[in-house]
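Everything below concerns the one structure shown next.
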Amino acid sequence: MAIPAKQLPSCLEKRWSCYEFANQVLRLNLGAKAIEEWDRLWQITLQFLPDSHWAPEIIPYHYFLIANFLEKTALPYKFWSRLDIYNARVGDILIYQGIDYEPDPSKRPSTAAPESHIAFIDSILESNGQKIVLQVIDASSRVKGRCFDPSNKSNVPKKPGTVAYSFLTLNFLEKIGEQTIWKARFEQQYTKYLTVQVLRVTQF
């Protein structure tokens, strides 16, 4: 079962971070037991982290760790699962990190924003072994290449932090051990080199 990503928060004029928006969508759409399991997964990941990696909300890094945990654990979880991106579908949660992502804010270059993001998959425009093209709904500091209506891309956000559609192309680059590296580019943006995870709500 996929999250109904179009059931968005009513306050679309607010400036959101990607994780504030994602967390709000989940808490507006999911039942109490699914949220309870999600919070339990968050706490499991936090207990293995140094204090410097902690945050008061579930940030993209934590989403990524939750996906890693679900991929490897033998424990059963009723409401959440981790998927390979080739098996992603509409409503799934896409999380990415830059290949050189630094989880400790004190160790990041002062001018560099952390290369991590969360989005809801709204449409899979293309998918094969080498290339995946996604239409996603997200909140982002990006303005160029985003729109409020995919059929009218001239209707664009005027400010960062707005909820809108984005268009992401992922090209397979290489596999290093268990990690797949993607050469990725949002429409009208620079190329990034990313690792990607996908989460799915299996029951609401």
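Values for this structure:
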| quantity | calculated |
| --- | --- |
| Furthest towards positive pole of dipole, 186, 97, 145, structure part segment 18-201, Cβ charges | 145 |
| Cα gyration tensor category, rounded, prolate or oblate, for segment 113-162 with a/c compared to 1.5 | oblate |
| Proportion of all alpha-carbon pairs of the chain beyond 30 Å (%) | 17 percent |
| Cα-derived Rg over Rh, computed across segment 160-204 with Rh taken as Kirkwood radius | 1.07 |
| Relative contact order %, segment 18-201, counting alpha carbon pairs below 8 Å whose residues are six or more apart | 22 percent |
| Three-way shape label, segment 99-187, alpha-carbon gyration tensor, a/c 1.5 | oblate |
| Protection-proxy order for peptides 95-104, 58-67, 39-48, each taking the mean of Cβ atoms within 10 Å per residue, highest first | 58-67, 95-104, 39-48 |
| In nm, spacing of pseudo-spin labels at residue 73 and residue 57 (7 Å Cα→C-beta vector) | 2.3 nm |
| Listed residue (76, 60, 135) projecting farthest to the positive dipole end of the chain, Cβ model | 135 |
| Extension reserve of the residue 183-residue 204 stretch, reckoned as 0.36 nm per residue once the Cα distance is removed | 4.2 nm |
| Under 20 Å from residue 78, Cα to Cα: lysines that are on another chain or at least 8 residues apart | 33 |
| Whole-angstrom gap from segment 150-195 to segment 71-85, using each part's C-alpha centre | 25 Å |
| Size of electric dipole in segment 18-201: Cβ of Lys, Arg +1 and of Asp, Glu -1, about Cα centre, debye, nearest 20 | 420 debye |
| Label point distance in nm, residue 48-residue 151, each placed 7 Å from Cα along Cα→Cβ | 4.6 nm |
| Charge sum, other residues only, whose C-beta stays under 15 Å from residue 52's C-beta, Lys/Arg counted +1 and Asp/Glu -1 | -1 |
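No lab work stands behind these numbers, since they all come straight from the coordinates. On a predicted model such as this, the values are computed, not experimentally measured, just so you know. Glycine gets a Cβ as well: all are built from the backbone with ideal geometry, and neighbour counts include every protein chain shown.
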